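Remarks on the structure that follows.
The values are calculated or read from the model by the stated rules, or taken from the named source; none is laboratory data. Please read all numbers here as calculations on a predicted model, not as lab measurements. Here Cβ is always computed from backbone atoms with ideal geometry, including for glycine, and neighbour counts include all displayed protein chains. The accessibility values were calculated without ligands, DNA or RNA, using every heavy atom of the protein model including side chains. Shrake-Rupley method; radii C 1.70, N 1.55, O 1.52, S 1.80 Å.
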Amino acid sequence: MQKILLLSLCLLVFILLALTWYLRTSIYWDLGKARVYQPSDFSHYTVGSPTLPELTYVAIGDSLTSGVGVATYMESYPYLFAEMIAGDTLQVALEPFAVPGVRSSYVLSNFMQKVIEHDPDIVTLFIGTNDIHGNVSLKQFEENYAEILRELTEETEAKVYAINLPYIGTADLVSLPYRYYFNWKTQQYNEIIKKLALQY
């Protein structure tokens, strides 16, 4: 009887692990099949008239910041934000530092020094979705995010906009149990972003 219970328990654990692996990887299979398009390739964009005073705007992030989901980078949120900033009175030099799939640790090790060298006037920071999907712990994400904000506030004079994370998990992309998990994790990450934005 004990052998049957032990065998049943082992089988249940195996099924749960297999299901977890499937749910976690299915989102990336679906994304791969969708062949997402990235308009930005770290190009420099100028918004507004060259005769106007210039302001430097650096957009830090992952796929949404790099323009995945739009046909041209001119439809991306950083470009539209740059147009809003420019209005009729400024020229905005837009420098996107964004790669689909990157996490907060990648921003720290690959972007921050270059961002600081650009001496930005404005920075948008939109990172964390891939930390959620990659099961990065709340503690590690908070440490990474805090270090990014510390470097931006201590090494630049930029006005920094810390952007909350949207819930990414439509019915077509994420299986039912994982939708609730991603929603819960997104709320936890956003609490960290809010806390650190207020702190810095």
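List of remarks:
- Filtered by the rule that a residue be open to solvent by less than 30 Å² (accessible area, probe 1.4 Å) and part of a helix (DSSP H, G or I), segment 80-93 gives 82, 86.
- Any chance residue 88 is over 15 Å from the mean Cα position of the chain (by Cα) and on the phi > 0 side of the Ramachandran plot: no
- In segment 116-125, the count of residues that are without any contact (Cβ under 8 Å) to a residue 60 or more places away in the chain and either within 12 Å of residue 61 (Cβ to Cβ) or of a type in the set (A, V, I, L, M, F, W, C) (or both) is one or more.
- Output for segment 67-79, where each listed residue is among the hydroxyl-bearing types (Ser, Thr, Tyr) and either crowded, with 17+ Cβ neighbours inside 10 Å or closer than 18 Å to residue 126 by Cα (or both): 73, 76, 77, 79
- Test for residue 180: is it touching a Ser or Thr at 6+ places or on another chain (Cβ under 6 Å) and either at pLDDT 95 or above or more than 16 Å from residue 111 (Cα to Cα) (or both): no
- Of the residues making up segment 174-196, at least one is open to solvent by 20 Å² or more (accessible area, probe 1.4 Å) and either part of a loop (DSSP other than H, G, I, E, B) or in contact with a Lys or Arg (Cβ under 7 Å, 6 or more places away or on another chain) (or both).
- Lone unmet requirement of (1) modelled with pLDDT under 90; (2) under 19 Å from the mean Cα position of the chain (by Cα); (3) surrounded by 15 or more Cβ atoms within 10 Å (Cβ to Cβ) for residue 48: (2)
- Residues in segment 94-111 that are surrounded by 19 or more Cβ atoms within 10 Å (Cβ to Cβ) and of a type in the set (A, V, I, L, M, F, W, C): 94, 97, 98, 99, 102, 107, 111.
- Qualifying residue in segment 148-166 (condition: within 15 Å of residue 60 (Cβ to Cβ), in a helix (DSSP H, G or I) and touching an Asp or Glu at 6+ places or on another chain (Cβ under 9 Å)): no
- Considering residues of segment 64-79 that are in contact with a Phe, Trp or Tyr (Cβ under 6 Å, 6 or more places away or on another chain) and outside any loop (DSSP other than H, G, I, E, B) only, the residue farthest from residue 145 (Cα to Cα): 73
- Checked against the criterion of being open to solvent by 50 Å² or more (accessible area, probe 1.4 Å), in contact with a strand residue (DSSP E or B) (Cβ under 7 Å, 6 or more places away or on another chain) and among the charged types (D, E, K, R), the candidates 139, 159 yield just one match: 159.
- Filter result for residue 124 (hydroxyl-bearing (Ser, Thr, Tyr), more than 13 Å from the chain's Cα centre (by Cα) and not in a loop (DSSP other than H, G, I, E, B)): no
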